[in-house]
Every structure is written in structure tokens, then in C-alpha cells.
1. Residue-wise, which Karplus ³J(HN,Hα) couplings in Hz belong to segment 281-294, taking 6.51 cos²θ - 1.76 cosθ + 1.60, θ = phi - 60°, and x for glycine or proline?
2. With θ set to phi - 60° and the Karplus curve 6.51 cos²θ - 1.76 cosθ + 1.60, what are the ³J(HN,Hα) couplings of segment 319-333 in order, to the nearest whole Hz, using x for Gly and Pro?
3. Dividing the convex hull volume of the Cα atoms of the chain by its residue count, what figure in Å³ per residue is obtained?
4. Which trypsin sites (Lys or Arg not before Pro) in segment 111-155 pass both tests, a DSSP loop state and at most 14 other beta-carbon atoms within 10 Å?
5. Give the distance, in whole Å, between the Cα centre of segment 233-249 and the Cα centre of segment 31-94.
6. Give the percent of DSSP beta bridges with both residues in the chain that are antiparallel, rounded to the nearest 5.
7. For the chain, with a Gaussian network of springs between Cα atoms less than 10 Å apart, report the residue from VAL14, VAL233, VAL53 with the top mean-square fluctuation.
8. Keeping all protein chains in the complex and leaving out DNA, RNA and ligands, what accessible area do you get for HIS120 with a 1.4 Å probe, in Å² to the nearest 10?
Amino acid sequence: MAEIKGLRNIVPYVAGKQPTDKKMIKLNTNENAYPPSPRVIDSLRFFAAESLVRYPSLDQVDLKVILAQRLGVSSKQLIIGNGSDDILSQAFLAFFNSGLPIQFPDLTYGFYKVWAELYHVPYKEVALTENFEIDFTDYERGCGGIIIANPNAPTGRLMEQADLESLLQVHSDVVVIVDEAYINFGGQTAIPLLDKYDNLFITRTFSKDASLAGLRVGYGIGSPQLIAVMEAVKNSVNPYAVDSLAEHLARAAVEDWGYYEKICQQIAKTRDWFSQSLIDLGWSVISSKANFILAKPLQTAQSVFEILENQHIYVRYFPKVDRLRDYLRITIGTDEEMKQVLAVLSQLEGGCDE
Ligand code: PMP
């Protein structure tokens, strides 16, 4: 067969498995443990399916207005996308064009590296400290931009607001993206810093706090100048990225935000008792402000991963990442689910011979 020229060779991001096991406890992709708000479910019934004959809106004005109100920003500071992966990937295209290396932590959302490679953006991975923290002083001046997740994934660690502000100050000549996918499980948002720092771009998603991972809606928050660049990129890639049904349901979610505040608080409570219970069993657990924890069992991570999987409990294990191979990342489910997980883990015998 003749060789086909011009094919791209890229190592893709590997997303968590979506098993179809009926009796599983699914704790491997940081989805929300609770259903979407009743208002979202209800508003499905009021969606005019005939409207699907038309393309969706280009700018989601209705969603932006109500979202802006809730966030305390102007709707000119918002851009909506097909999940925050869509927003983040376009932010790489929009903001990282200087030719200088961008910086992000060595342990963070695996997609950052994939986008950097995909779009030929040079990059440098900056090691987290021994405690898995981001030390902003490790980030060199004169770079092409910075992206961090806060709380970080897969550690769950939150960066202090003061440190984030220092990072923005030191790197005021490039865009600093703060990925706040998990901010509503106990973190402090960087939104108030937008008034002071035009180089700040925040990304958010409806996938985690709003229990709508299947809907694919995310958004970016930044100065009107940054949003205009994002809009130009979006209109060069996929102008109709957000479908009409997604916009309709996302609006209903924002209208019932009180529901989501409650479930996020509940998840944070469950996280805290579950973390403490693992510590009581002798595990090391990194202090998390997200809807997941990174924890090191007494036994090997692989053996615990397999035992859990045999019990239809799916968590995330990173055997290929040096610093993570002894850890498991466990999404926080309902109290009931986490009690079942704990019952299995309490039965495990012995530790590693170290
Ligand atoms: N950022 C981080 C840190 C994540 O873990 C995820 C979820 N995999 C995303 C962004 C993307 O989420 P979504 O595309 O569902 O909005």
C-alpha cells in the first residue's frame, strides 16, 4: 500500500473510562454525585424542539446575562463554549502566540500538554513542591503565558489568593489562565481579581458543580479585550459550538443556583469525612478543595484499584506518572456511596513492606 503523506501523529489526552456496568459506583471522572436541579429536568419539557430547525444563537446572550448577574461581572466579560475543554483549547490558540514557552505545573490537567503539542505552543512543566503545591516563585519571568488549575487536578489542592495575585502581578505582560473547573467545592474564586488584572482569564464549567457533564457547557471570564480575541478564534473554528438545548438547560441551572450551592456543600462535607476516615485507616490524603481526593493507600495503588474494580467501584489510577503511581484519585460520591467504598477499604489487610 502506498504511504499516505501529511498525517498528524499526536499522543492524545486519555479521558477516564465511561463503563456501562449497571451496578457500579462511578468515582473515576469527577462528575457530580447528584442529579441536575429539578428545574433543569423540568425545563426539558418546555424546550421547543421545532426551534432546532434553526442554528443556535451565536453569542448566547440570554445565558450570558443571567450568568453575569450571578457571577457579578458584565456579560461582555463572558464567552460560552462546548464544555470548558472547548474554551481552554481555544484559549491556547487565542493567547499563546508569542513563541515563548508557556508554563504549567508538571502535575495538572493532562490536556494542557496535549493542546500545547497540538497547537505547537512551546511549554515548560514546572514541578509542584514535595507537598504537591504550586509555588508561584518557581514560574520564570519572560514566558509566553501561564495556565494553572485552581483547585489543581489531580491533587485537589487550592492555591492561596495572595499567591495567585502575586503570579498575576509578576506576569502582567502575558495571559494567566486560571481553570476553575472545581472552584465551587470550597475554593475562593479569582473573579474579584479581574478588576485589577487585565491579563487574567478564568475558565469554568457546568460539568462539575452543576451536574451537567453530559450537556457540554463551559465558559470563560476575562476582560472585554481578551473576550474579543476569544470570540475571533471561536468564529474561526466553530461559531455554533453551543447548541440551543444546551443553552436552554444551562440557563435553567443558573436560575436554580441555590440547589447547586446545597449539593456542592454536601459534597464538600462528604469529602472531608471520607478524607479523615482514610487518614484513620493509615492512608495519606492530600487536602482537597475539589470534588475528588488524591490519596495514597497503605497497600499498592494497583492492588487497591483492582480490588475496588472487582467490587464495581471505579476510581482513577495513574500507573504511567512517576509521582502519582502510588496514589489513587477518588471522586466524591454520595454519603451512601462513600460509606460502601470505605467498607471495602476497611477490609483491606496489611501495607506495603517499605
Ligand atoms: N479542567 C479540569 C481541571 C478538568 O478536570 C476538566 C474535566 N476533565 C475540565 C477542565 C474540562 O471539563 P469540561 O470540558 O467537562 O467542562
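The values are calculated or read from the model by the stated rules, or taken from the named source; none is laboratory data. Since this is a predicted model, take the numbers as computed values, not measurements. Note that we place each Cβ from the backbone using ideal geometry, even for glycine, and neighbour counts take in every protein chain shown. All accessible areas refer to the heavy atoms of the entire protein, side chains included, with ligands and DNA or RNA removed. Shrake-Rupley method; radii C 1.70, N 1.55, O 1.52, S 1.80 Å.
1. Those phi angles translate into 7, x, 6, 9, 10, 7, 5, 10, 10, 10, 9, 8, 10, 10 Hz.
2. Per residue, the Karplus-derived 3J(HN,Hα) values read x, 8, 9, 3, 6, 10, 5, 8, 10, 10, 9, 10, 5, 8, x Hz.
3. Values: hull volume 62.5 nm³, N = 354.
Taking the convex hull of the Cα positions in the chain, it is 176 Å³ per residue.
4. Working: sites: LYS113, LYS124, ARG141; in loops: ARG141.
Sparse-neighbourhood loop trypsin sites (Lys or Arg not before Pro): ARG141.
5. Here the answer is 9 Å between Cα centres.
6. Working: 17 of 32 bridges.
Antiparallel bridges make up about 55 percent of those DSSP assigns within the chain.
7. Per the Cα network of the chain with a 10 Å cutoff, VAL53 tops the list.
8. The accessible area of HIS120 comes to roughly 140 Å².
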